[in-house]
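**Student:** Below is the structure I would like to discuss, written out as structure tokens.
Nothing in this text is a laboratory measurement; each read-out follows from the coordinates by a stated rule. What you see is a predicted model, and the numbers here were worked out from it, not measured in a lab. Here the Cβ is made from the backbone with ideal geometry for all residues, glycine too, and neighbour counts use every protein chain on show.
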Ligand SMILES: [Zn+2]
């Protein structure tokens with residue numbers, strides 16, 4: 001079955017510490033980049049031929065990281081039990097985005113979340 005993948009990106013600035021990881025165990029920050037990709041089946045396009053308005057994806061992506069921006073990630077609720085690695089950030093964004101999309105755009109689902117810690121280091125999370 002053919003399907004479409006639609007993406008939107010946002011960025012945020014935040015600090016973190018990764019205990020036990022050389023160099024990363026010191027307080028430091030990144031300008032993180034996040035891309036949310038959603039999937040819509042061919043048969044589920046609107047009559048107008050759209051999966052979902054890009055602005056919806058962008059808004060969902062921004063909202064998912066809003067509390068991260070200019071924050072210290074280790075102190076935020078999602079990362080109290082687990083260090084804020086790029087992997088865990090991607091997973092949290094995926095869960096938050098899925099919750100929002102269930103209401104805002106039920107015809108699409110989260111395909112993957114990409115998180116760049118620096119421009120040349122990227123994690124891809126697929127909720128499956
Ligand atoms: Zn780091």
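**Student:** Rounded to two decimal places and with Rh computed the Kirkwood way over Cα pairs, what is Rg over Rh for the chain? Let's see the in-between values first.
**Tutor:** Working: Rg = 15.5 Å, Rh = 15.2 Å.
Ratio of gyration radius to Kirkwood radius for the chain: 1.02.
**Student:** Moving on to the next point. Show that you can apply the helix-only estimate: for the chain, add -39,500 (n - 2.57) for every DSSP H stretch of four or more residues, divide by all residues, and state [θ] at 222 nm to the nearest 500. Could the numbers behind the result be given before it?
**Tutor:** Working: 2 runs with 31 residues, N = 128.
Value at 222 nm, helices only, nearest 500: -8000 deg cm²/dmol.
**Student:** I've got another one for you. Modelled label-to-label distance, residue 43 and residue 107, 7 Å Cα→beta-carbon offset: nm?
**Tutor:** 1.4 nm
**Student:** Would you mind calculating the relative contact order of segment 14-72 from Cα pairs under 8 angstrom and at least 6 residues apart, reporting the percent as a whole number?
**Tutor:** 40 percent
**Student:** Students often check this: by mean Cβ neighbours within 10 Å, which of 19-32, 100-113, 73-86 ranks highest, and how do the rest follow?
**Tutor:** The peptides rank, most packed first, as 100-113, 73-86, 19-32.
**Student:** Can I ask one more? On C-alpha positions alone, give me the angle between the axis of helix 86-104 and the longest principal axis of the chain, in degrees, nearest 10.
**Tutor:** Long axis of 86-104 versus the principal axis of the chain: about 30 degrees.
**Student:** How far is helix 54-65 tilted, in degrees, relative to the longest principal axis of the Cα atoms in the chain, given as a value from 0 to 90 rounded to the nearest 10?
**Tutor:** 30 degrees
**Student:** Here is a further query. With no solvent and one point per C-alpha, what does the Debye sum give as log10 I(q)/I(0) for segment 73-128 at q = 0.13, 0.23 Å⁻¹?
**Tutor:** Taken in order of the listed q values, log10 I(q)/I(0) reads -0.36, -0.91.
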